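What follows is one structure encoded as structure tokens, with my remarks underneath.
The values are calculated or read from the model by the stated rules, or taken from the named source; none is laboratory data. None of the values given here were measured: they were computed from a predicted structure. Note that each Cβ is placed from the backbone with ideal geometry, even for glycine, and that neighbours are counted across all protein chains shown. Ligands, DNA and RNA are stripped out before the accessible areas are found, and what is left, the full protein with its side chains, is counted by its heavy atoms. Shrake-Rupley method; radii C 1.70, N 1.55, O 1.52, S 1.80 Å.
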Amino acid sequence: MCASGKKMNEKEVFQACMCPACPSWVNCGEQGAFCLPKVGKSKCIKAEKGCICAGCMVYKMFGLRNTFYCTRGSEEEQKTGK
Ligand code: SF4
Ligand code: SF4
């Protein structure tokens, strides 16, 4: 996670997450925020039909660079190629 982690707490990230409005979203009881390392990939989103993370407040606040956290893993995972 980046150094600006204190700007927003976890609860606020879940609240601000735009995933439920994304074309790739699958409604299966998940809460989004897949960009967070402790959340990671979705268990039910399998098809990448577009990603709207770039328009999310969390994305800007944490200086995120990747997309499709639901299928490819958190920012950290994608960076390190885990
Ligand atoms: S950046 Fe993407 S995964 Fe992270 S909170 Fe925003 S919409 Fe959700
Ligand atoms: S991580 Fe991106 S692709 Fe996945 S549901 Fe959220 S906005 Fe959509």
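Does the stretch 40-47 include one or more residues that are among the small types (Gly, Ala, Ser) and out of contact with any Phe, Trp or Tyr (no Cβ under 7 Å at 6 or more places or on another chain)? Yes. For the criterion of being within 10 Å of ligand 1 (Cβ to nearest atom) and open to solvent by less than 80 Å² (accessible area, probe 1.4 Å), Gly55 passes. Among the residues of the stretch 7-25, the ones that are open to solvent by less than 60 Å² (accessible area, probe 1.4 Å), over 16 Å from Thr71 (Cβ atoms) and within 9 Å of ligand 1 (Cβ to nearest atom) come to 3 in all.
Taking the numbered list (1) away from ligand 2 (no atom under 11 Å from the Cβ); (2) surrounded by 15 or more Cβ atoms within 10 Å (Cβ to Cβ) in turn, Ser74 passes all entries but (1). Restricting the stretch 26-37 to residues that are within 17 Å of Glu75 (Cα to Cα) and within 10 Å of ligand 2 (Cβ to nearest atom) leaves a set whose member that is surrounded by the most Cβ atoms within 10 Å (Cβ to Cβ) is Cys35. Among the residues of this structure, Gly40 counts as one that is more than 10 Å from ligand 2 (Cβ to nearest atom), part of a loop (DSSP other than H, G, I, E, B) and surrounded by 12 or more Cβ atoms within 10 Å (Cβ to Cβ).
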